[in-house]
Amino acid sequence: MSAESTPEPGIPGGSGTNGPRHRAKGRRRKPREKRKGLQIMAWTAAGIVVLGGTGAGYLYFKLNGNLKSVDIDQALGTDRPKKVDNGSENILVLGSDTRSGSNKDLGGGTDDGSARSDTAMILHIYEGHQKASVVSIPRDTLIDRPECTDTKGDTHEAASGVMFNEAYSTGGAACTVKTVESLTGIRMDHYLEVDFSGFRKLIDELGGVEVTTTKDIDDRESHLELKAGTHQLTGKQALGLVRTRHGVGDGSDLGRIQLQQAFVKALIEQVKTIDLFGNPKRLYDLANTATKTVTTDSDLGSVNRLMSFADGLKGISSKNMSMVTMPVQYDPADPNRVIVAEKKAQQVWTALKNDKPIPKSATKGTATGDAKGVVSAP
């Protein structure tokens, strides 16, 4: 069954380069690799986390001035799930698709001043910070959005049967966090967001990301064309890949999530190979770009806090990061939408609350895309 979602505007991009890429040889320095590669929690945080341990104290003032933060706690107030004191942390990672500014050229469409949470992932860091689980929330999930207050103090009435990403376009990050907490019963300790333009710049500053595709990908709407093989993706191409639906699989948002999750793992592996610490200028350029493009909650709104946070993630690799999609089923009334599979979803939320691995039974028999295995790290 086709599960084509709401059409998306195109993303400029070109075809990748086929064939394996030869990496420079050199001595492997495992402690440094771990510090660099294992800190990446998701594609949105790629540029920030490599700051940990650099000792670039003289740059703090400038980089702090770049950062944007949102006071989520003040907007949400006290009516929230209680924080679980078991050493774990939950971070909501958003990719937003605002059409304004430089994002209009990347996202297409009309600049109507609105934005949506095009990508949403709950990152759960387990006690000990050696393992993590990522739960992607399909943007086309029909949910009941709770009443919420945005960071300007405006209150938005509750709404039933609306798409998940409507929360962001209604009340921004605060309403999205409120919606996720209502949906899961789990308190979000932090929030990170990056937009189209920021994502593209971060990938370009990293020198691109190498992936292998097992099928041709040809999406006219995202202007992405990749032949089966190995490619060093530019920022535009990477953006096209994580947003494409029509180029591969069944055209659903669920298939796109499978591509996103595969890209995250490829990104983690890519960062291991980059000698950022041997190239201070490149490291600074990356840090400068990251701090200009990433928005955080106010608790993470300083370089010192981000470095401390990132340092706690250095033990997490792609191999000990579990990635699933929130259990859903196709909506019987509209195959282009999905609804939460309540009992199975509750297994996921219960596991995270108790800092336990997500059981395989939680996602067995739920709706999935058709893009698994199409993209992988080479």
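The values are calculated or read from the model by the stated rules, or taken from the named source; none is laboratory data. These numbers were taken from a predicted model, which means no experiment stands behind them. When we count neighbours, we look across all protein chains shown, and the Cβ atoms used for this are built from the backbone with ideal geometry, even at glycine. Remember, those area values only see protein heavy atoms, side chains included, never the ligands or the DNA or RNA. Shrake-Rupley method; radii C 1.70, N 1.55, O 1.52, S 1.80 Å.
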Going through segment 220-251, which trypsin sites (Lys or Arg not before Pro) have at most 15 other Cβ atoms within 10 Å and a DSSP loop state?
ARG220, LYS227
Quote the accessible area belonging to MET326 in square angstrom, nearest 10, computed with a 1.4 Å probe and with ligands, DNA and RNA left uncounted.
0
Residues with beta-carbon under 12 Å from that of GLU127, excluding GLU127: net charge, scoring Lys, Arg +1 and Asp, Glu -1?
-1
Taking only protein heavy atoms and a 1.4 Å probe, the highest-to-lowest accessible-area order of GLU221, GLU210 is GLU221, GLU210
So, over other residues within a Cβ distance under 10 Å of LYS292, counting Lys, Arg +1 and Asp, Glu -1, the net charge is +2
Just the accessible area for GLU157, please: 1.4 Å probe, Å², rounded to the nearest 10?
150
Counting only protein heavy atoms, what percent of the accessible surface of segment 226-342 is carbon or sulfur at a 1.4 Å probe?
50
Segment 232-378 - Debye-derived log10 I(q)/I(0), Cα point model, q = 0.17, 0.18, 0.21 Å⁻¹
-1.23, -1.29, -1.38
Nearest-10 value in Å² for the accessible area of THR176, using the 1.4 Å probe
0
Per-residue ³J(HN,Hα) for segment 154-164, Karplus 6.51 cos²θ - 1.76 cosθ + 1.60, θ = phi - 60°, Hz, x for Gly and Pro:
7, 9, 10, 5, 5, 9, 10, x, 10, 5, 4
Can you tell me the dipole magnitude for segment 229-378 around its Cα centre, using point charges on the Cβ only (Lys, Arg +1; Asp, Glu -1), in Debye to the nearest 20?
260
Length gained when the stretch ASN354-ARG80 is fully extended (0.36 nm per residue, less Cα-Cα span)
96.9 nm
